[in-house]
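Novice: The structure that follows is given in the form of structure tokens.
The values are calculated or read from the model by the stated rules, or taken from the named source; none is laboratory data. Values in this document were obtained by computation on a predicted structure and should not be read as measured data. A quick note on method: Cβ atoms are made from the backbone with ideal geometry, for glycine too, and the neighbour counts reach across all protein chains shown. Just so you know, the surface numbers come from the protein's heavy atoms only, side chains and all, with ligands and any DNA or RNA stripped out. Shrake-Rupley method; radii C 1.70, N 1.55, O 1.52, S 1.80 Å.
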Amino acid sequence: MKDVIVSYASVGREDYFSGQLKLIKSIKDSGWGGDTLFYSDGGYCDNYLGYNIILDFPKQKKYIGHRQSEIPYQFKYVAIQAAREMGYERIFWLDSSMRVVGNLSELFNESDSGIVSFHNLGHDLYKFISDSATHNLLVSEEELKVIPQTWGGAIGFDFTKKGVDELFNEIFRQSNIGSFSDGKSKREGFVAHRHDQAVNSVLFYKAGVSLLPYGKIVVAAHAKEPFEYGKDYYLICGDISYE
């Protein structure tokens, strides 16, 4: 079975429906050779540029799936599990803000751990994880200072690799015990809790997952001159404006 990209859009603080259509166009333009599973809890259409959009919340059997208002960002892992239950083994989650410009399957082929994840450069984890999450994750304040933060908007799982199933189950368990939920900290420099992104950062570090460097993924400002992080990127977060 082919690799698959999954994504879900719903009503939120931004126009995620429009973002999802831009994501779809980028996938088409990139020449992606795998499959896609797009979900939209509402949205503008059920097909765009020949790509079907399922106008519903992702359905799967293993877990009780919660919407954003109940457990923040658990919907990502519900959508991934839905793809697993359809038989897919190499699954890439992408937020509606992502734009595909490279062959994501190459990243699966390069991953020894089975996890494709990117270093969120400039966003140190200790500033973006709550005390309740650190308690659930059994991680010390000293460890937080050295653990790099990963991106939450783009992540790949190769379930053919040893340990990936167990790691995915632990992500889901952490979501159900409150680790994704909003929380605070009295830690110096704390900004805000980053939900699944913060949780995954700790779990991946403990599992020995190597993050791909920033430059494999970039924000839109770095996808144009002077290309300070190079041009070897597979994903862009946001839309490029030349104005």
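Novice: Have a look at 81, 115, 135 and report the one farthest towards the positive end of the charge dipole of segment 81-148, computed about the Cα centre with Cβ charges (Lys/Arg +1, Asp/Glu -1).
Specialist: Towards the positive end, the residue furthest out is 81.
Novice: Please label the shape of the chain as rounded, prolate or oblate, based on the square roots a ≥ b ≥ c of the eigenvalues of the alpha-carbon gyration tensor (a/c under 1.5 means rounded; beyond that, a/b larger than b/c means prolate, else oblate). Can you show the working numbers first?
Specialist: On the way: a/c = 1.42, a/b = 1.21, b/c = 1.18.
Rounded is the answer for the chain, as its axis ratio a/c remains below 1.5.
Novice: Which of 40, 226, 176 sits farthest toward the positive end of the charge dipole of the chain, with +1 on the Cβ of Lys and Arg and -1 on the Cβ of Asp and Glu?
Specialist: Looking along the dipole axis, the top candidate is 176.
Novice: Answer with one residue from 31, 68, 11: the one whose Cα lies farthest towards the positive end of the charge dipole of segment 1-69, charges on Cβ with Lys, Arg +1 and Asp, Glu -1.
Specialist: 68
Novice: Just read off the accessible area of residue 146 with the full protein assembly in place, 1.4 Å probe, to the nearest 10 Å².
Specialist: Estimated to the nearest 10 Å², residue 146 gives 90 Å².
Novice: Mind checking the full-extension length gain between residue 112 and residue 146? Use 0.36 nm per residue of separation minus the Cα-Cα distance, one decimal, nm.
Specialist: Values: separation 34, 0.36 × 34 = 12.24 nm, distance 2.19 nm.
Separation in residues times 0.36 nm, less the Cα-Cα distance, equals 10.0 nm.
Novice: When only alpha-carbon atoms are used, what values of Rg and Dmax, in angstrom, describe segment 202-243?
Specialist: Radius of gyration, then largest Cα-Cα span, for segment 202-243: 13.1, 43 Å.
Novice: Just the accessible area per residue of segment 174-243, please: how many Å² with a 1.4 Å probe?
Specialist: On the way: 3700 Å² over 70 residues.
I get 53 Å² per residue for this part.
Novice: Can you tell me the length gained on complete extension of the stretch residue 56 to residue 103, counting 0.36 nm per residue apart and subtracting the Cα distance? Mind showing how you got there, number by number?
Specialist: Details: separation 47, 0.36 × 47 = 16.92 nm, distance 2.78 nm.
Working it through step by step, the gained length comes to 14.1 nm.
Novice: Between segment 33-66 and segment 183-214, how many Å separate their Cα centres?
Specialist: 28
Novice: I've got another one for you. How much FRET efficiency would the formula 1/(1 + (r/R0)^6) give for residue 86 and residue 224, where r is the Cβ-Cβ distance and R0 is 45 Å, rounded to 0.05?
Specialist: On the way: r = 37 Å, r/R0 = 0.83.
The value I calculate is 0.75.
Novice: Oh, and also: Go ahead and estimate [θ] at 222 nm for the chain from helices alone: -39,500 (n - 2.57) per DSSP H run with n ≥ 4, summed, over the residue count, rounded to 500.
Specialist: Values: 7 runs with 69 residues, N = 243.
When only DSSP H runs of four or more count, the value is -8500 deg cm²/dmol.
Novice: Can you compute the charge dipole magnitude of segment 30-129 about its Cα centre, using +1 on each Lys and Arg Cβ and -1 on each Asp and Glu Cβ, nothing else charged? Give it in debye, rounded to the nearest 20.
Specialist: Numbers: 9 positive and 12 negative charges, 51 e Å.
Once rounded to the nearest 20, the dipole reads 240 debye.
Novice: In segment 3-105, carbon and sulfur make up what percent of the accessible area (probe 1.4 Å)? The partial results should precede the final answer.
Specialist: Numbers: 2210 of 4560 Å².
Carbon and sulfur: 49 percent of the exposed surface of segment 3-105.
Novice: If I build a Gaussian network model for the chain, linking alpha-carbon pairs within less than 10 angstrom, which residue out of 49, 107, 211 has the largest mean-square fluctuation?
Specialist: Among 49, 107, 211, the largest mean-square fluctuation in the Gaussian network model of the chain belongs to 49.
Novice: When the chain is fully extended, how far beyond the present Cα-Cα distance does residue 11 get from residue 190, taking 0.36 nm per residue of separation? Please report the intermediate quantities before stating the final value.
Specialist: Values: separation 179, 0.36 × 179 = 64.44 nm, distance 2.81 nm.
That pair, residue 11 and residue 190, stretches by 61.6 nm at full extension.
Novice: Report the charge-dipole magnitude of segment 124-243 in Debye, nearest 20, computed about the Cα centre from +1 at each Lys and Arg Cβ and -1 at each Asp and Glu Cβ. Walk me through the numbers on the way to the answer.
Specialist: Details: 13 positive and 17 negative charges, 33 e Å.
So the dipole magnitude of segment 124-243 works out to roughly 160 debye.
Novice: Continuing with the same structure: Let me check against my output: what whole-number percent is the relative contact order of the chain, with C-alpha pairs under 8 Å and at least 6 apart? Each step should come with its number before you reach the end.
Specialist: Working: 468 pairs, mean separation 50.6, N = 243.
Answer for the chain is 21 percent.
Novice: Still on this structure: Where a ≥ b ≥ c are the square roots of the eigenvalues of the C-alpha gyration tensor, would you call segment 1-125 rounded, which needs a/c under 1.5, or, failing that, prolate if a/b is larger than b/c, or oblate? Before the final figure, lay out each step's value.
Specialist: Values: a/c = 1.24, a/b = 1.14, b/c = 1.08.
It is rounded, given that a/c, with a ≥ b ≥ c, falls under 1.5.
Novice: Under a point-charge model restricted to the Cβ atoms of Lys and Arg (+1) and Asp and Glu (-1), what is the dipole moment magnitude of the chain relative to its Cα centre, in debye to the nearest 20? Walk me through the numbers before you get to the answer.
Specialist: Numbers: 26 positive and 32 negative charges, 58 e Å.
Using only the charged Cβ atoms, the result is roughly 280 debye.
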